[in-house]
Structures are given as C-alpha cells and as structure tokens.
1. Among the residues of the range 108-148 satisfying the criterion of being of a type in the set (D, E, K, R), touching a strand residue (DSSP E or B) at 6+ places or on another chain (Cβ under 9 Å) and not in a strand (DSSP E or B), which is farthest from I21 (Cα to Cα)?
2. Is one or more of the residues making up the range 13-24 modelled with pLDDT under 95, within 16 Å of the ligand (Cβ to nearest atom) and either exposed (fewer than 15 other Cβ atoms within 10 Å of the Cβ) or farther than 17 Å from H132 by Cα (or both)?
Amino acid sequence: MWVGTRRQFHGLVIGGIAMMITKNFSVKEMECHCGCGESEMDPEFMRMLQELRDEAGFAFRLSSSRRCVTHNAKVSSHSKKAGIHTFGKAVDILTGHIDTSRVLKLIKQAQDIGFTGLGLNLRGKREGRFIHIDNRGTDFSVPAVWTY
Ligand SMILES: [Zn+2]
C-alpha cells in the first residue's frame, strides 16, 4: 500500500516500498545510528508518536530514535546506562527549522497525548535544537522534564 510522501523514502526500501512502522515513520528512521541495525520500537510509543505527527501536521525530522546500549552510553547526556532510547520509547525531534510558537504548541500536544518525558534543547545554533519525548513508565522513573 502506498502510504506516503517522498520524505518517507529515507526509509529502507524493499521492492520499491519503504518499510513503515506507522503511516509516517519508517523502520530506517528508527534505527540506531551506530550501524548495529537495532530499530525495534515500543508499539504504544509509535502509536503516540503518529498521533502527535497527525496533530502537528508537519513532517518530523528525527535526530535520534532507537539506540543500543553501547551507542546510548556514548551519546547520552546522563549516566543511566539503559536510557529510555534503549527501550524504543523515545525520539528526539529537531525543531530549529520550526517557529518557536509552533514548538510551544508541539510541547503541549505531546503532553496532551500522554508523553511522560520531555527534554528541551532550545538554545544555541538552530540546527542543533530538538525536543526529546518519551513514554517512560513508572518502572523507569516518574514523569520528567529537563533541559540540556
Ligand atoms: Zn547501536
């Protein structure tokens, strides 16, 4: 089934069709950046992410999605070895190209959908700005908000 826009062809393409997890997010977009091939995501997280995408109405550029434990240890901003990215329950959405009023709305929409972790990196060079969202459960931590 053809479901997408040109953007989705950043995804793994087999037989001309990108392997999609949801309508707008491909397997390739979720892969760990170290090259290990890990890409499995939490189904409920992906349902929520697609809901946020539908409400936002614009394409997301993700700077990080699934991470293996090894890669997470290298790039994570905190010391917890098995960070929430290693459970496939988090993405970082680049926001430097989006109006700040729209970023504020996205943060509210993420809360309304039920994301329980929110990290904000909204200073410095625009190309490096992002918001982290996750759906951590109480087995991981209490709901959390932080800046980088
Ligand atoms: Zn990896």
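1. Looking at the filtered set, the residue picked out is R123.
2. No, the range 13-24 contains no residue that is modelled with pLDDT under 95, within 16 Å of the ligand (Cβ to nearest atom) and either exposed (fewer than 15 other Cβ atoms within 10 Å of the Cβ) or farther than 17 Å from H132 by Cα (or both).
Residue by residue, here is whether (1) more than 16 Å from the ligand (Cβ to nearest atom); (2) of a type in the set (D, E); (3) under 19 Å from R123 (Cα atoms); (4) assigned to a loop (DSSP other than H, G, I, E, B) holds:
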residue: M46; (1), (2), (3), (4): yes, no, no, no
residue: Q50; (1), (2), (3), (4): yes, no, no, no
residue: R53; (1), (2), (3), (4): yes, no, no, no
residue: R67; (1), (2), (3), (4): no, no, no, yes
residue: S77; (1), (2), (3), (4): yes, no, yes, yes
residue: T86; (1), (2), (3), (4): no, no, no, no
residue: I93; (1), (2), (3), (4): yes, no, yes, no
residue: G96; (1), (2), (3), (4): yes, no, yes, yes
residue: L106; (1), (2), (3), (4): yes, no, yes, no
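The values are calculated or read from the model by the stated rules, or taken from the named source; none is laboratory data. The structure presented is a predicted model; accordingly, all values stated were derived computationally and were not measured. Heads up, the Cβs are rebuilt from the backbone with ideal geometry, glycines too, and the neighbour counts pull from every protein chain shown.
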